[in-house]
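Working notes, beginning with the structure itself.
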Amino acid sequence: MKQSEYLELGLINCLRVDRHTPHGVFIMAQDGKDVLLPQSYVTDAMVEDSLVEVFLYTDSEDRLIATTLTPTAMLDEYAVFEVADIAPFGAFMKWGLAKDLLVPNMFQKTPFKLGEKRFLKVIYDERTHRLVGTEKLGEFFHRRVKGLNPNDEVNILVISETPLGFKCIVNDKYEGLIYHTEIFEPIHLCDEKKAYIKTIRKDGNIDLVLRKPGSKKSGGSAQKVLELIKENNGIMPYNYKSDAELIKDVFGLSKKDFKRALTSLQDDGKIAVKDSGIYIKNS
């Protein structure tokens, strides 16, 4: 471990034990500034001049304080938080620390309710000089997409569900959307996945798909359909005319991929498709 040059709010700091007091130990950065680590977090290994890794935040009196606990998310990180308490000026979120994380009313999209969970980013509030949570993420996204093109693979973090689909953070910079009609696998809040760019819109938002555009999935889809039929005693009540939403729920496939899989399996002589359903052919 290397001693931190200076104290950094909202991050893990590596600090040198300077002196012990009845209230805890004071630990110091290279620039000579120190902070208290309360006695409840002090261990026998924290002897003078030893290094200790701590997270820095502010206590109920807005004083810088250290803890050996790790919060749900640190400065500029995203996570799902649960509402612990409601106040006239905001909501307090469970954070894994002694002091809950405040989300001021101005940083809430809709009023928070006790016990519910919200997706937030931890930020530094210039007005109060505190760490707070915000649900309003739009201002943090870059609106000019650079170095990305349609079909490129990207990293996504799922942040919310809308009537159109799931909003995502793309490569930690941009805002993206996967439409419900393009989703054929389970997807949840805070999922981290690989995705592919379908379209980059003029407003800087990115339309995404979970399968690479133009890739052929019939082989994998066919095997998936065949295995499901086998698991259901060799017969399932679906065919080419089945409802697209039903196919999506049962097989996790688009109607197009499902029909392609049926055709592939029929051509291989593995199934028969009738008005009453799909049947495994005996070999």
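What follows is calculated from the coordinates using simple rules that are stated; it is not laboratory data. Since we're looking at a predicted model, the values are computed, not measured. Please note: Cβ atoms are built from the backbone with ideal geometry, for glycine as well, and neighbour counts cover all protein chains shown.
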request  = Would you please put 84-91, 73-80 in order of how densely packed they are, using the mean number of other Cβ atoms within 10 angstrom per residue and starting with the highest?
outcome  = 73-80, 84-91
ask   = In square nanometres, what is the average projected area of the Cα convex hull of the range 193-273?
value = 6.6 nm²
task = Working from Cα positions, state the angle (0 to 90°, nearest 10) between the long axis of helix 255-267 and the longest principal axis of the chain.
result = 50 degrees
note = Computed over the chain: longest principal axis from alpha-carbon atoms vs helix 218-231 long axis, angle to nearest 10 degrees, is 80 degrees
request  = Sort PHE184, PHE140 so the one with the fewest other Cβ atoms within 10 Å of its own Cβ comes first.
outcome  = PHE140, PHE184
task = Could you line up ASP243, ASP203 from fewest to most neighbouring Cβ atoms inside 10 Å?
result = ASP203, ASP243
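Report, in deg cm²/dmol and to the nearest 500, the calculated mean residue ellipticity at 222 nm for the chain, where each DSSP H run with n ≥ 4 adds -39500 (n - 2.57) and the sum is divided by the residue count. Walk me through the numbers before you get to the answer.
Details: 3 runs with 35 residues, N = 283.
Here the helix-only value at 222 nm equals -4000 deg cm²/dmol.
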task = Count the lysine pairs in the range 1-151 whose Cα atoms sit under 29 Å apart, keeping only pairs 8 or more residues apart in sequence or on different chains.
result = 25
ask   = With the Cα gyration tensor of the range 12-67 giving a ≥ b ≥ c as the square roots of its eigenvalues, does the rule (a/c under 1.5 for rounded; else a/b larger than b/c for prolate; else oblate) give rounded, prolate or oblate?
value = oblate
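What's the long-distance tail for the range 142-209, i.e. % of Cα pairs beyond 13 Å? Present the calculation step by step, with values, prior to reporting the outcome.
Values: 1328 of 2278 pairs.
Counting pairs separated by more than 13 Å, the tail of P(r) holds 58 percent.
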request  = Quote to one decimal, in nm, the extra length available between ASP62 and LYS202 on full extension: 0.36 nm per residue of separation minus the C-alpha distance between them.
outcome  = 46.1 nm
task = Note down the nm distance, to one decimal, between modelled labels 7 Å out along Cα→Cβ at GLU227 and at ASP191.
result = 1.7 nm
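Taking square-rooted eigenvalues a ≥ b ≥ c of the alpha carbon gyration tensor, is the range 20-129 rounded, prolate or oblate, where a/c under 1.5 means rounded and, failing that, a/b exceeding b/c means prolate? Please report the intermediate quantities before stating the final value.
Details: a/c = 2.44, a/b = 2.18, b/c = 1.12.
Prolate, since a/c reaches 1.5 and a/b exceeds b/c.
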remark   = Distance in Å, no decimals, from the C-alpha centre of the range 17-36 to the one of the range 153-183 is 44 Å
key: Rg followed by Dmax, in Å, when the chain is reduced to its Cα trace   = 26.4, 82
query = So what is the relative contact order of the chain, in percent, for Cα pairs below 8 Å that sit 6 or more residues apart?
reply = 9 percent
query = When we measure straight from the Cα of LYS255, which aspartates and glutamates land under 12 angstrom away, once same-chain ones fewer than 8 places off are left out?
reply = GLU182, ASP243, GLU245
